[in-house]
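The next block holds one structure in the form of structure tokens; read it before the comments.
The values are calculated or read from the model by the stated rules, or taken from the named source; none is laboratory data. Just so it is clear, the model here is predicted, and its values are computed rather than measured. Reconstructed Cβ throughout: ideal geometry from the backbone, glycine too, with neighbour counts over all protein chains shown.
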Amino acid sequence: MLVETAEGRELLGGQSFDSAYEFGLADLAARLAGGPDALEDVEYPEWMHTIQGLDLQRVRFAHDLAEWRPPPFDLPRSEPSLLIDPY
């Protein structure tokens, strides 16, 4: 079920996946499909690309208290030099 909320679009995924982990893995595999970093050994449903096109802000599951949120691709990548502790 697709729900519009104040935070954005949410999907209530009853029986599509049992957990946020399974959904997240399928989402990642679909995002990387066809590219050099493709997860060749991870299967995902063909309709996953349709789900990704819904601009979801959250996905909740009937059998898992965890929820899925989209990856923050708009965040800049961290530079290795910024990760070094100066102390």
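Computed quantities for the displayed model
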item	result
Flag if R69 is within 21 Å of E4 (Cα to Cα), among the charged types (D, E, K, R) and under 11 Å from the mean Cα position of the chain (by Cα)	yes
Yes/no for R31 being modelled with pLDDT under 85 and among the basic types (K, R)	yes
Of the criteria (1) more than 13 Å from R69 (Cα to Cα); (2) surrounded by 16 or more Cβ atoms within 10 Å (Cβ to Cβ), which one L11 fails	(1)
